[in-house]
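Beneath this line is the structure, given in structure tokens, with notes to follow.
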Amino acid sequence: MYCPECGFQNPETSNFCAKCGSLLVVEEPSDPTLTLFVGELEHEASSASAHAHAGGPALVVRSGGGRTGESFGLATARVSIGRSPDCDVFLDDVTVSRRHAIVASGASGWHIDDQGSLNGTYVNRHRIDSAPLADGDEIQIGKYRLIFLSR
């Protein structure tokens with residue numbers, strides 16, 4: 001059984017994901033397969049991303065925690081991400097450290113710095129300590145996948 005949040009393969013008898021702790025729900029197929037065309041997806045994604053960050057750089061939740069589509073504007077030069085309610089981007093899940101990462105703006109543009117988190121910070125599926133961010137980069141923090149939008 002594959003985890004719907006992180007994709008980890010778990011034993012069929014599992015109720016929770018061994019990697020990210022998400023609830024594994026066994027759904028009985030009730031509807032036929034839905035067919036989507038690439039053009040439809042691109043149109044939806046472009047209109048959603050344009051709307052989400054109309055006011056400047058932002059992080060948009062792509063998946064995780066049932067918060068898909070939620071947007072966090074990067075209004076200050078330094079934005080904290082973590083499980084602590086004091087963080088600018090609050091991701092309430094045990095897979096996220098209290099003070100997980102910092103996204104900051106510098107002379108060379110935006111970058112992300114891991115703050116010694118237990119599960120690590122990933123940019124485009126590569127674990128990083130620090131990395132520059134470009135428009136469209138995917139950031140994974142715990143079970144959350146966020147897209148960095150620079151415009």
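The values are calculated or read from the model by the stated rules, or taken from the named source; none is laboratory data. Owing to the predicted nature of the structure, the values given are computational and were not obtained by experimental measurement. Positions of Cβ are generated from backbone atoms using ideal geometry, with glycine treated the same way; all protein chains shown enter the neighbour counts. Side chains are part of the model used for accessible areas, which takes the heavy atoms of the whole protein and leaves out ligands, DNA and RNA. Shrake-Rupley method; radii C 1.70, N 1.55, O 1.52, S 1.80 Å.
Give me, ordered by chain and number, the residues 5 or more places off E70 or on other chains with an amide H under 5 Å from its own placed amide H.
It is V61, by chain and number.
Find out how many positive minus negative residues lie around L149, taking Lys and Arg as positive, Asp and Glu as negative, among other residues whose Cβ is under 10 Å from that of L149.
-1
Which whole-Hz ³J(HN,Hα) couplings does segment 104-114 yield from phi under the Karplus relation 6.51 cos²θ - 1.76 cosθ + 1.60, θ = phi - 60°, glycine and proline marked x?
Per residue, the Karplus-derived 3J(HN,Hα) values read 9, 9, x, 4, 9, x, 7, 8, 10, 10, 6 Hz.
Classify segment 58-151 from the C-alpha gyration tensor, please: rounded if a/c falls under 1.5, else prolate or oblate depending on whether a/b exceeds b/c.
Because its axes are fairly even, with a/c under 1.5, segment 58-151 counts as rounded.
Where only protein heavy atoms count, and the probe is 1.4 Å, what is the accessible area per residue for segment 87-137 in Å²?
Computed with neighbouring chains in place, this is 55 Å² per residue.
Got a sec to turn the phi values of segment 64-80 into Karplus ³J(HN,Hα) couplings, 6.51 cos²θ - 1.76 cosθ + 1.60 with θ = phi - 60°, whole Hz, x for Gly and Pro?
Going residue by residue, I get x, x, x, 10, 3, x, 5, 10, 10, x, 9, 7, 10, 6, 9, 10, 8 Hz, with x marking Gly and Pro.
Within segment 87-134, report the trypsin sites (Lys or Arg not before Pro) that DSSP leaves as loop and that have at most 14 other Cβ atoms within 10 Å.
For trypsin sites (Lys or Arg not before Pro) across segment 87-134 that sit outside H, G, I, E and B with at most 14 neighbouring Cβ atoms in 10 Å, the list reads R98, R125.
Over segment 56-125, with every protein chain in place, what whole percent of the accessible area is carbon and sulfur at 1.4 Å, could you tell me?
48
Would you calculate the convex hull of the Cα atoms in segment 79-127 and tell me its volume per residue in Å³?
Spelled out: Cα convex hull of segment 79-127, divided by residues, is 77 Å³.
Show the residues, 5+ positions off or on another chain, whose built amide H is closer than 5 Å to the amide H of L24.
Amide H neighbours of L24, under 5 Å, 5+ apart: F16, C17.
Subtract the Cα-Cα distance of Q115 and Q9 from 0.36 nm times their separation in residues, and report this length gain in nm to one decimal.
Gain in length upon complete extension: 35.4 nm.
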